[in-house]
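Everything on this sheet refers to the single structure shown next.
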Amino acid sequence: GILDIPYPSTMWEQYKKTGTIDHDVVIKIVFLLLFLTFIVLSGFLWSHLCYVKMGVTTVERVVLLDSLYSKALRRAQGLTNESDTQIDLPHVVNPFDQGPKKNLIQIFGRNWLLLLLPVPVKLPPPYVVQLETKRE
């Protein structure tokens, strides 16, 4: 294999005989576990960065996906008109969505290198929704 990790039965026999497992094998197993953890956490990071860019929370995203799923299910069961070929997204205006770039700046700040350092930073001003007023 890629890491040449012995079978668990072989490692168990070695442990019963010597009372230890080869250090190289332990390092390879730890590397494999850390790599798998990295893959899983990268998926979580990517999805949450997409949520921040869209200006939605996890719950809001779940509600949207649930409504899409229920519409697709009704269509598959034939409960909707066949002429309706497009799934309509619910049109909800999110007052906190400032656009992808401003959303990321609002959450992470302007200098992204400071994310990696434990330094105090000035908090960005809170986002206040600007309501459009009609002028006569």
**OP:** Report the calculated FRET efficiency for residue 106 and residue 65 (r = Cβ-Cβ distance, R0 = 22 Å), to the nearest 0.05.
**Re:** 0.40
**OP:** Determine ³J(HN,Hα), in whole Hz, for all residues of the range 17-34 in sequence, where each value follows from phi through the Karplus function 6.51 cos²θ - 1.76 cosθ + 1.60 and θ = phi - 60°; x replaces Gly and Pro.
**Re:** 6, 9, x, 9, 10, 3, 4, 4, 5, 4, 5, 5, 5, 5, 4, 4, 5, 5
Original post:
Where Lys and Arg each count +1 and Asp and Glu each count -1, what net charge lies around residue 22 among other residues with Cβ under 13 Å from its Cβ?
Top reply: -1
Subject >> Integer Hz, Karplus 6.51/-1.76/1.60 couplings in order for the range 122-129, x for Gly and Pro >> reply: 6, 5, x, x, x, 7, 10, 5
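No lab work stands behind these numbers, since they all come straight from the coordinates. Predicted model only: the values in this text are computed from it and were never measured. Because the Cβ atoms are built from the backbone with ideal geometry, glycine has one as well, and the counts that use them run over all protein chains shown.
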